[in-house]
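The values are calculated or read from the model by the stated rules, or taken from the named source; none is laboratory data. Because the structure is a prediction, the values reported are computed rather than measured. Cβ coordinates were reconstructed from backbone atoms using ideal geometry, including for glycine residues, and neighbour counts include every protein chain displayed. Please note that ligands, DNA and RNA were not included when accessible areas were found on the heavy atoms of the full protein model with its side chains. Shrake-Rupley method; radii C 1.70, N 1.55, O 1.52, S 1.80 Å.
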Amino acid sequence: MDYEGQICRAPMERASFMLPVMVGCSYNRCKFCNLFRHLRYRELPLEQVEKELSRVKEAGGKPKKIFLGDGNAFGFPAGRLKDVLVLIHSYFPECDCVNMDATVTSVLEKTDEELRLLYENGVRHLYLGIESGLDDVLAFMEKDHNTAQAYEAVERLQAAGMVFDAHIMTGVAGKGRGSENAKALAEFLNRTGPAHVVNFSMFLHREVPLYRHIADGSFTPADELENLEEERHLLERLDVPVLYDGFHDYIEMRFRGKLPGDREKVLARLDAAIESCKDEPPCYSYVQGECPNLTRCGGGIDGNYTSEKIWDMDRKGDR
């Protein structure tokens, strides 16, 4: 497969056939994100998409689950997205679900009829970057939606038959606001009922717009201890049945379970991590480079940076 840029998808899609239909992200303005900033966004010709489908079929592939890449494939106009879906089912009639990343805006731009049509053509699962439950944080990070719009988008996609996963970020509200953000996120998640909650705890990339706000003092980051405490506040408040997966790649910790049944087990692991961090100097998740070639930047907020590679895929897992 010819693939431009780094492969990025939700952990639940690790066994799916990933079909590129675009390069980069059509939005690409979130202040904290560096996944697609080096890429020129463009839609791939249908001929190229069909060539990849043909290659996989000729190789003996019979995927039942397909993930469309790259960022925000649901941002395609409904007609073009339907063309892709028709192609998929012509090659793989056994495919029973086509999933992809989406933004709140990309859902709201489609009519209810278009959403139902996409569901009827196989779209089942959308991954929404909710990130925060606080409107001022969403505006500051240029997420292109507010909480009311997120509620509307979820209600409409669920009415069409689709399910969604909520992608969130502990630390996104900055120093001193973790508990406030956790409370607001819990309210949103309890009301909307996602299938999964995936917490990609925010790392602070030196090559994104947010870093300039850190440098000029208009954004003060939370340290990793506060991020863990925010995560605990969130898990205490989640009341709906949901699969939870929390990543802290910088400190190489991961917390996951099925709530509410696994809540006490996950909280116990979180408590142990919090206690261990209390004995250490404040740790901030500064990184540089492109996924999956991220390197750790040591030295704290104002120190001299040293580099150490992270994302050792052979060592990832529960910690």
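Mind listing just one residue for me: the one in the range 34-49 that is touching a strand residue (DSSP E or B) at 6+ places or on another chain (Cβ under 6 Å) and under 24 Å from Gln288 (Cβ atoms) and, of those, surrounded by the most Cβ atoms within 10 Å (Cβ to Cβ)? Even if it seems obvious, please write down each step before you answer.
Filtering the range 34-49 down to residues touching a strand residue (DSSP E or B) at 6+ places or on another chain (Cβ under 6 Å) leaves 34, 36, 39, 41-44, 49.
Within this subset, residues satisfying the condition of being under 24 Å from Gln288 (Cβ atoms) are 34, 36, 39, 41.
Numbers: Asn34: 21, Phe36: 23, Leu39: 17, Tyr41: 16.
That would be Phe36.
Only one of the listed residues (Lys82, Lys64) is out of contact with any helix residue (DSSP H, G or I) (no Cβ under 9 Å at 6 or more places or on another chain) and either of a type in the set (S, T, N, Q) or closer than 21 Å to Arg124 by Cα (or both). That residue is Lys64. Among residues of the range 145-171 that are in a helix (DSSP H, G or I), those with a beta-carbon under 6 Å from a residue that is open to solvent by 60 Å² or more (accessible area, probe 1.4 Å) at least six positions away or on a different chain give the pairs Thr147/Asp135.
Filtering the range 236-251 to residues that are crowded, with 19+ Cβ neighbours inside 10 Å and among the aliphatic types (A, V, I, L, M) leaves Val242, Ile251.
Return yes when Glu113 is open to solvent by 70 Å² or more (accessible area, probe 1.4 Å) and at pLDDT 95 or above and no when it is not. Reasoning before the result, please.
Details: open to solvent by 70 Å² or more (accessible area, probe 1.4 Å): yes; at pLDDT 95 or above: yes.
It is true that Glu113 is open to solvent by 70 Å² or more (accessible area, probe 1.4 Å) and at pLDDT 95 or above.
Evaluate the range 121-134: report whether one residue or more is in contact with an Asp or Glu (Cβ under 8 Å, 6 or more places away or on another chain), touching a residue at least 60 places away in the same chain (Cβ under 8 Å) and not in a strand (DSSP E or B). Within the range 121-134, none of the residues are in contact with an Asp or Glu (Cβ under 8 Å, 6 or more places away or on another chain), touching a residue at least 60 places away in the same chain (Cβ under 8 Å) and not in a strand (DSSP E or B). The set of residues in the range 92-110 that are assigned to a helix (DSSP H, G or I) and surrounded by fewer than 21 Cβ atoms within 10 Å (Cβ to Cβ) comprises Thr105, Leu108.
Condition (residue is open to solvent by less than 10 Å² (accessible area, probe 1.4 Å) and β-branched (Val, Ile, Thr)) applied to the range 50-65: is it met by at least one residue? Within the range 50-65 (the criterion being open to solvent by less than 10 Å² (accessible area, probe 1.4 Å) and β-branched (Val, Ile, Thr)), the answer is no, since none of the residues qualifies.
Test Arg263 against the stated conditions and say whether it is open to solvent by 30 Å² or more (accessible area, probe 1.4 Å) and modelled with pLDDT of 95 or more.
On the way: open to solvent by 30 Å² or more (accessible area, probe 1.4 Å): yes; modelled with pLDDT of 95 or more: yes.
Yes.
Given the condition open to solvent by less than 40 Å² (accessible area, probe 1.4 Å), modelled with pLDDT under 95 and closer than 28 Å to Glu155 by Cα, answer yes or no: does some residue in the range 201-212 qualify? Within the range 201-212, one or more residues are open to solvent by less than 40 Å² (accessible area, probe 1.4 Å), modelled with pLDDT under 95 and closer than 28 Å to Glu155 by Cα.
Among the residues of the range 250-288, those that are in contact with a His (Cβ under 9 Å, 6 or more places away or on another chain) and of a type in the set (Phe, Trp, Tyr) comprise Phe255, Tyr286. Show the residue pairs that are 6+ apart or on different chains and have beta-carbon atoms under 9 Å apart, the first residue being within the range 258-273 and under 18 Å from Val198 (Cα atoms), the second being of a type in the set (Asp, Glu). As it stands, the answer is Leu259/Asp239; Pro260/Asp239; Arg263/Glu236; Leu267/Glu236; Arg269/Asp318; Leu270/Glu229; Leu270/Glu231, since those pairs meet every condition given. Just wondering, is there one or more residues in the range 58-67 that are under 22 Å from Glu109 (Cα atoms) and either modelled with pLDDT of 85 or more or of a type in the set (Val, Ile, Thr) (or both)? Within the range 58-67 (the criterion being under 22 Å from Glu109 (Cα atoms) and either modelled with pLDDT of 85 or more or of a type in the set (Val, Ile, Thr) (or both)), the answer is yes, since at least one residue qualifies. Against the conditions (1) out of contact with any helix residue (DSSP H, G or I) (no Cβ under 7 Å at 6 or more places or on another chain); (2) under 20 Å from Ile251 (Cβ atoms); (3) outside any helix (DSSP H, G or I), Leu210 satisfies every one except (3). Please count how many residues of the range 11-42 are within 26 Å of Ala139 (Cβ to Cβ) and not in a strand (DSSP E or B). Final tally of qualifying residues: 15. Here Arg80 does not qualify as open to solvent by 40 Å² or more (accessible area, probe 1.4 Å) and touching a Pro at 6+ places or on another chain (Cβ under 9 Å).
Screening Leu81 on (1) closer than 24 Å to Glu152 by Cα; (2) among the hydrophobic types (A, V, I, L, M, F, W, C); (3) touching a Lys or Arg at 6+ places or on another chain (Cβ under 6 Å) shows it passes everything except condition (3).
Here's the yes/no breakdown for (1) modelled with pLDDT of 95 or more; (2) under 24 Å from Asp165 (Cβ atoms); (3) open to solvent by 50 Å² or more (accessible area, probe 1.4 Å):
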| position | (1), (2), (3) |
| --- | --- |
| Leu234 | yes, yes, no |
| Met253 | no, yes, no |
| Leu259 | yes, yes, no |
| Cys277 | no, no, no |
| Pro281 | no, no, yes |
| Tyr284 | no, no, no |
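Hey, can you tell me all the residues within the range 56-83 that are over 27 Å from Asn34 (Cβ atoms) and touching a residue at least 40 places away in the same chain (Cβ under 8 Å)? If the condition is that a residue be over 27 Å from Asn34 (Cβ atoms) and touching a residue at least 40 places away in the same chain (Cβ under 8 Å), then Gly61, Pro63, Lys65, Ala78 are the ones that fit.
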